[in-house]
Each structure stands twice: as structure tokens, then as C-alpha cells.
1. Where in chain C are the DSSP H helices whose alpha-carbon span along the long axis reaches 30 Å or more and whose Kyte-Doolittle mean is at least 0.0?
2. What translational diffusion coefficient, to the nearest whole µm²/s, does the range A:25-78 have by Stokes-Einstein, given a Kirkwood radius computed over alpha-carbon pairs, a temperature of 4 °C and 1.567 mPa s viscosity?
3. Grab the beta carbon distance between residue D:49 and residue C:199, set R0 = 30 Å, and tell me the FRET efficiency rounded to 0.05.
4. What average number of partner chain Cβ atoms lie no more than 10 Å from the Cβ of the residues making up B:77-87?
5. Near residue D:144, within a Cβ-to-Cβ distance under 15 Å, what is the net charge of the other residues, with Lys and Arg +1 and Asp and Glu -1?
6. For the pairs A:9/B:34; C:162/D:9; A:162/D:9; C:9/D:34; C:9/D:162, flag any whose C-alpha to C-alpha distance is greater than 27 Å.
7. Any idea what the residue C:167 label distances to the other copies are, label 7 Å down the Cα→Cβ vector, nm, shortest first?
8. Counting Lys +1, Arg +1, Asp -1, Glu -1, what net charge surrounds residue C:65 among other residues with beta carbon under 15 Å of its beta carbon?
Protein chains: 4
Amino acid sequence: MTPPRDGEKETGRLEAFSDGVFAVAITLLVLDIKTPRAADLAAGHTSLTDALLAQWPAYLSYVLSFLTVLIMWINHHRMFRYIRRVDNTFLLLNGLLLLFVTLAPFPTSVLAEYVARPEAGTAAMVYSGSFICIGVFFNLMWIYASRRGRLLVRGYDRTAVKHMTTGYLVGPVVYIAAFLLAFFSVAASVGLCYLLTIFFALPGKKESR
Amino acid sequence: MTPPRDGEKETGRLEAFSDGVFAVAITLLVLDIKTPRAADLAAGHTSLTDALLAQWPAYLSYVLSFLTVLIMWINHHRMFRYIRRVDNTFLLLNGLLLLFVTLAPFPTSVLAEYVARPEAGTAAMVYSGSFICIGVFFNLMWIYASRRGRLLVRGYDRTAVKHMTTGYLVGPVVYIAAFLLAFFSVAASVGLCYLLTIFFALPGKKESR
Amino acid sequence: MTPPRDGEKETGRLEAFSDGVFAVAITLLVLDIKTPRAADLAAGHTSLTDALLAQWPAYLSYVLSFLTVLIMWINHHRMFRYIRRVDNTFLLLNGLLLLFVTLAPFPTSVLAEYVARPEAGTAAMVYSGSFICIGVFFNLMWIYASRRGRLLVRGYDRTAVKHMTTGYLVGPVVYIAAFLLAFFSVAASVGLCYLLTIFFALPGKKESR
Amino acid sequence: MTPPRDGEKETGRLEAFSDGVFAVAITLLVLDIKTPRAADLAAGHTSLTDALLAQWPAYLSYVLSFLTVLIMWINHHRMFRYIRRVDNTFLLLNGLLLLFVTLAPFPTSVLAEYVARPEAGTAAMVYSGSFICIGVFFNLMWIYASRRGRLLVRGYDRTAVKHMTTGYLVGPVVYIAAFLLAFFSVAASVGLCYLLTIFFALPGKKESR
């Protein structure tokens with residue numbers, strides 16, 4: 001069967017679809033920040049300021065998830081700079097990655113609801129667990145694509161690709177650590193997730209351009 | 001009337017719009033996975049873990065619908081590799097396809113709410129019924145576009161196109177079977193829907209590249 | 001000031017953004033179709049089938065709004081085939097059009113809630129009223145762009161443009177009629193809105209390609 | 001490391017992702033306009049018309065936020081006409097901008113809930129505060145990109161760039177004023193926000209094309 005369109009266009013459409021999913025998922029996170037209802041304020045004799053401040057776990061989760069999904073997107077975007085064509089397996093792995101990206105509002109909401117309650121440990125595990133899954137599929141995509149240059153652009157820089165392979169492993173490893181930390185300290189577990197976003201955000205990384 | 005823009009650009013915009021709709025529809029599926037509220041846990045004397053596990057029907061429906069819509073998207077994307085230009089009828093058929101794709105969060109939510117209850121049979125019929133509609137419009141689009149090569153790229157591979165025509169029929173046929181199975185066994189009906197996603201996901205299909 | 005990018009790219013980005021807004025707005029319509037809750041069924045001694053059928057106003061509104069927004073999109077897309085460049089005023093008019101497109105889930109929901117109740121007349125007016133606004137901004141955009149060919153592609157077909165100018169007027173005129181009809185008969189008002197979508201969907205219109 | 005893709009493609013994908021986020025965020029604003037429920041009307045002995053009119057704060061906030069986000073998008077789009085390439089820091093600043101754009105439905109909803117209540121002052125501060133943040137990151141992005149032409153297109157017009165730098169400062173300055181005004185008069189604070197959108201919307205600004 002002659003493929004009537006070239007690989008680059010294919011890749012472009014996969015990127016565009018993935019970007020769409022990332023964009024919607026990242027925007028839906030806000031739905032978990034609820035407006036305190038005026039009736040509840042009156043009933044609880046609280047001021048609006050207090051009610052807004054009392055929602056700090058929702059803001060904390062929102063910011064953390066937003067930054068995390070953003071960094072995932074940046075890395076996805078960076079990965080695609082090296083992808084020349086896509087095949088069925090790659091489409092599927094990307095789909096499974098998106099399944100967990102799309103799910104992100106759920107663990108975010110669980111964390112927001114329970115981070116300041118006795119169930120915080122479980123919530124932190126649900127949270128880090130879902131990002132372990134994202135990290136794993138991310139790595140599977142990259143390993144599948146880069147193994148013997150299968151889907152990579154021609155004449156790619158082998159050293160750079162190796163660095164990326166190592167770099168991408170940081171994600172799931174840190175989330176596994178965050179998952180385990182949650183047994184002992186929720187603050188440490190969530191803090192580690194935050195640190196990871198800062199680590200990735202820091203300029204001057206090996207990724208130069 | 002001289003069309004001031006070429007068919008390829010037209011087709012590109014239709015693809016982009018459809019991708020947007022697919023991306024939003026697939027992401028809205030998560031809204032049906034609700035965070036157990038802390039107040040409900042306290043009232044019900046349940047742990048967060050139990051409350052999360054009790055929501056298995058929502059996860060099952062989410063994963064099934066996500067994968068199904070994803071495969072729909074992959075096939076839509078694949079179909080457009082063969083489309084050179086679009087006309088009014090094709091736009092409309094694509095629109096009706098999107099109407100049911102967009103609807104997907106609704107049957108998903110119905111299935112999640114009732115799969116573990118006495119009304120499971122009805123829920124499974126609503127579910128498979130909505131995917132019958134998607135499948136039907138998918139086939140109508142393809143038949144309309146490919147009939148005597150109406151909208152296809154020039155010099156397309158006739159054998160490949162015939163294979164696709166047959167392949168696309170699998171969808172609605174299996175969903176009709178799932179619909180009928182729902183009268184006897186919900187597990188079998190839902191299981192068949194899952195099997196279909198796995199069948200389509202399996203690499204090494206006739207679709208090679 | 002030298003514009004560093006060409007008009008076509010500008011126009012492309014405006015189209016892409018508008019497409020995104022259309023795609024999200026059309027997909028959010030489904031949020032108004034609610035899943036009957038199992039607890040309510042038990043309390044009301046209704047079957048799931050009855051509960052689903054009782055929601056017919058929501059389906060009716062969903063389908064009507066989906067098709068209407070879809071046709072708006074098709075026409076927006078068609079209009080942009082003639083647009084070569086955009087300016088500030090055009091950006092703004094397009095923005096005001098999108099303001100009402102984005103609003104569409106609201107009148108749809110009002111219609112769904114009240115079409116089978118005494119307040120149906122008001123609901124039908126809200127519904128048609130919001131589409132009057134969409135139609136008006138649509139026409140303003142086109143008139144602004146096409147007046148002496150201001151933003152049109154070079155060498156455009158004057159007769160085709162005139163036909164479009166007349167064709168676009170059908171929308172607001174019919175919605176004004178639907179608005180007025182709502183004082184007498186809601187069924188006639190909603191029916192007219194449906195007829196309009198069918199009229200636009202009918203192939204073999206002056207728009208040939 | 002040889003970047004396998006050119007800067008323009010990179011920039012294009014960042015624009016497309018940002019457009020997606022803007023499009024979703026602007027469309028989610030409508031979720032705060034609630035349909036008055038028939039049961040509530042009956043209980044409160046109100047007509048649908050009265051119930052719809054009583055929601056004026058929601059419409060006021062919707063229109064204000066829609067126009068504001070739209071203008072942000074137009075300016076973002078305008079800024080990117082001058083951007084040739086993106087780097088890590090720029091990606092991050094853009095991400096933080098999007099974090100607050102995405103958040104926009106929340107302050108909008110707070111304003112809608114409280115603008116006609118005693119807590120209106122706090123609500124107006126939350127509202128203008130969130131747009132201060134958007135404005136600040138907007139300016140940081142532009143200053144970072146334009147400082148010694150770092151990320152700008154080659155041969156850019158220095159005077160135009162300087163004008164833009166000054167023009168972009170208007171946003172945060174006005175929002176700071178609106179924030180401070182909220183201590184004295186909510187109407188003045190919200191009115192100032194409206195005036196700003198009108199100011200930006202007015203044609204015939206220095207931005208000519």
C-alpha cells in the first residue's frame with residue numbers, strides 16, 4: 001500500500017491532536033477550584049477572604065498539576081523534534097500517555113480534597129501514581145521511537161538522543177520516590193513533586209537551544 | 001465561482017476542526033470520574049481507598065471510551081490520508097459523526113452509573129447504540145468519499161481502499177453484536193467492546209506503515 | 001511599522017483560534033445532557049429507559065444546537081476562503097461572534113429545561129435571540145471584510161461574493177422570525193430553527209464546490 | 001546538539017498550544033452562567049424572565065472576562081509576529097502566563113457571585129489581582145524576548161518594538177489601579193476593567209495594519 005501522504009504531515013497531525021488534548025486537560029484543572037457560595041459564607045459566618053484562603057489545597061494542587069502537565073507538554077514537544085514518522089505502535093503508546101494526561105484533573109482533585117486531612121497519604125499516592133503512569137508511557141514512547149533510530153529524523157545526534165533517554169527516566173523515578181515517600185510524609189512527597197517541576201523548569205540544562 | 005483556495009487547505013481545516021472536537025470530547029470523559037467527598041467518607045465510615053475502589057465502573061467506562069474515541073480518531077486520521085478535497089455532503093457527514101463523538105461522555109456516564117446495577121442491560125445498549133451511530137456515520141463518510149474515488153487523492157491504491165472499506169465495517173457490526181448481547185449478558189457486551197479496541201490496537205494489521 | 005509576518009499567516013492563526021473556540025463550544029453542549037442518577041430512579045420508581053426518554057428536551061436542544069453551531073462553523077470556514085488578511089476591527093468582530101458562539105451552551109440549556117414547561121415561550125426567545133446575535137455579528141464581519149473587497153483575496157469573484165452577502169442574511173432573518181413566532185407557538189419557533197439547519201445542510205446549494 | 005527542526009516550527013507549535021489553551025479557557029467561562037432550574041422557579045414564585053435577569057452579575061462577568069481574555073489572545077498573537085524562536089525561559093514564562101489565563105474562569109466566577117453582595121470589594125480585588133498576574137507575565141515574556149532582540153525576527157523595527165513595550169505596560173498598571181480602586185468603589189474598579197477592554201478594542205491605535 002502506497003502511503004499517499006508523507007510522514008511529516010502524519011507526525012504533524014499527531015502533534016496537533018496531542019497538543020489539543022494537553023491544552024484541554026491543562027485547562028480543565030481549573031474546574032476543581034470552586035467559588036465559595038455566598039449562602040455557605042452566610043451559614044458559616046466566614047468572610048470571603050477566609051473562605052478563599054481555606055481553599056489553599058486546591059490552589060496548591062492546581063499549580064502543581066498545571067506546571068507538571070506543562071512540563072510534560074514541553075517534553076512531548078521536544079521529543080517530537082526528533083520524530084520523523086509515526087507508526088501504529090507509536091500512535092498507541094502516545095494514546096495511552098494521553099489517557100493518563102487527560103486523567104490528570106482527577107488525581108489533582110483527590111489531592112486537593114485530602115491533602116489537609118487524615119487521608120492525605122492515600123491521596124499523595126494516587127497523585128504520584130498517576131504521574132508514574134504518565135512517566136512510564138513517556139519513556140516507552142521514546143524508547144520505542146529511538147531504539148535503533150526507528151522513527152527518528154535522519155542524521156540525528158546520537159549523544160543528544162542518549163542524553164534524552166537518560167533525562168526522561170528522571171520523571172518516573174522521582175514519582176516512584178514520591179509514591180514511597182507518601183507512606184512517611186505527605187509534605188515530603190508533594191514537595192518532591194514540586195521540586196521536580198522546578199528542576200525541569202530551571203534553565204541552563206543540557207538542553208541548550 | 002472560482003474557489004480561491006485549494007482543496008488541500010480546505011481538507012486541512014476540516015481535519016484540524018475535527019481533531020479539536022475529538023481532543024475535547026476525549027478529555028471531557030474525565031469529568032465523570034468524581035472525587036469522593038471527604039464529608040461522604042466520614043458519613044459512610046469508609047476509607048478513601050475503599051471509596052476510590054468502589055468507583056471501578058467509572059474507571060472501566062473511562063478507559064473503554066477513551067480507547068474507543070482514540071481509535072476512532074486514529075481511523076479518522078487514517079481516512080484523511082486518502083482524502084484530497086471535501087464537499088458539502090462530506091462536511092455534513094463528518095459533522096454528524098462528530099455529533100455522536102461529542103456525545104460520547106453521555107453514554108460513558110450512563111454505563112458507569114449502571115454497569116453494576118440492575119439497569120446494566122439498558123446502559124450497555126445505550127453505550128453500544130451510541131457507538132453504532134458513530135460507526136455508521138464513519139462508514140457513510142468513507143463510502144461517500146471513496147465511491148468511484150470521488151474525494152480521494154489521485155492515483156490511490158484501489159486494493160488498499162477496498163481493504164479499508166471492509167475494515168471500517170467491523171466497527172458497526174461489532175457494536176450491533178454488543179447491543180444484542182446486552183439482552184443476555186452485560187459483561188459479554190462490554191467485554192466485546194473492549195475486545196474491539198484491542199483488536200484495532202494490535203499492531204501487524206493490514207495497515208502497515 | 002513593518003509587519004514582519006505576512007497576512008496569510010495572520011489569517012491562518014485567527015482561523016485556528018476560532019476553530020478551537022467552535023470545537024470547544026460544540027463539545028461543551030453535551031454537558032447539559034445529564035445521566036439520570038440511580039438514587040433518583042429508585043426514589044421515583046422509574047425505569048432507566050423511562051428516565052432517559054423523559055430527557056427528550058435535552059436531546060432535542062443538543063442536536064439543534066450542535067447542528068446550528070456546526071453550520072456556523074462551516075460558514076465561518078467558507079467565509080475565510082475569501083479572506084486574505086485581517087485587521088483590528090475584523091479581529092474584534094470575530095471576537096464578538098465567538099462571544100455568542102461560546103455562549104451557545106447556555107441558551108441550549110435554557111431551551112432544554114423549559115421547552116416542555118409553561119415558560120417555553122421565554123426559553124425559545126432566549127434561544128433564538130442568542131442566534132440572532134451570532135447571525136448579526138456574522139453579517140457584520142462579512143460586510144466589513146467584503147465592502148469594496150477590503151480584506152478579500154485578490155481577484156475574487158464579485159458575483160459569488162454578492163451571493164454570499166445575500167445568503168448570510170438568511171440566518172438572522174430566520175432567527176428574528178423564530179423569535180417572533182415564539183410569542184405564538186414554541187413548536188413553530190423551534191421547528192423553524194430546525195428547518196434552517198436542514199436548509200443549510202441541503203446539498204445542491206449555490207455553493208458548488 | 002544539533003536542533004533537528006527550525007525555530008519557526010518550534011514557535012508555531014508554541015503558538016498553537018497557547019491558542020488551544022486560550023480557546024478552551026475562554027469557552028469554559030460560560031460554565032459559570034447557570035440555567036435557572038424549573039424547580040427553583042416554582043419554589044420562589046419567580047418567572048423565568050426575572051430569574052434570567054437576576055443573573056446579571058454572571059453576564060457582566062462573562063462578557064468582561066471574555067473580552068479581556070480575547071484581548072490577551074490578540075496581544076499574544078501580535079507579540080508572536082515578532083518572535084523568531086523560543087527558548088526554555090520563554091517557554092516557561094509563556095507557561096506561567098497560561099497558568100493565569102487558564103485560571104480566569106475562577107476570578108470570573110468569584111466576581112459573578114459577589115459583585116452584588118457585601119463582599120464585592122474582595123471579589124473585585126481577586127478579579128483584578130488575577131489579571132495583574134496575567135499582565136505581569138505578559139510583560140516579562142515580552143521584555144525577555146525583546147531585550148537586545150534576543151528572540152525577535154531579524155531586522156525588526158526598533159521603534160515599533162519600543163512602542164509595544166510601552167503599550168504592554170498599560171495592562172498591569174490599569175489592573176493595579178483597578179485593584180486599589182476596589183477598596184473604595186467596586187463599580188469604579190469593574191468599570192475601569194471594562195474601559196480597558198474598550199481602549200484596547202478601539203481601532204486606530206498605533207498598531208496600524
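All of the numbers you see were taken from the coordinates with simple rules; none came from a lab. Bear in mind the structure is a predicted one, so any value in this text is a computation, not a measurement. A quick note on method: Cβ atoms are made from the backbone with ideal geometry, for glycine too, and the neighbour counts reach across all protein chains shown.
1. On the way: long enough: C:7-28 (32 Å, 0.26); C:56-80 (36 Å, 0.84); C:120-146 (39 Å, 1.34); C:158-181 (35 Å, 1.00).
In chain C, the long hydrophobic H runs are C:7-28, C:56-80, C:120-146, C:158-181.
2. Working: Rh = 12.8 Å.
Roughly 101 µm²/s, to the nearest whole number.
3. Working: r = 30 Å, r/R0 = 1.01.
After rounding, the FRET efficiency stands at 0.50.
4. On the way: counts 6, 3, 0, 3, 7, 3, 2, 1, 1, 1, 4.
Whole-number average of other-chain Cβ neighbours for B:77-87 is 3.
5. It works out to a net charge of +4.
6. Working: A:9/B:34 38 Å; C:162/D:9 38 Å; A:162/D:9 23 Å; C:9/D:34 38 Å; C:9/D:162 24 Å.
Too far apart for the 27 Å limit: A:9/B:34; C:162/D:9; C:9/D:34.
7. Listed shortest first, these distances are 3.5, 3.5, 5.0 nm.
8. Numbers: positive: none; negative: C:32, C:113.
That works out to -2.
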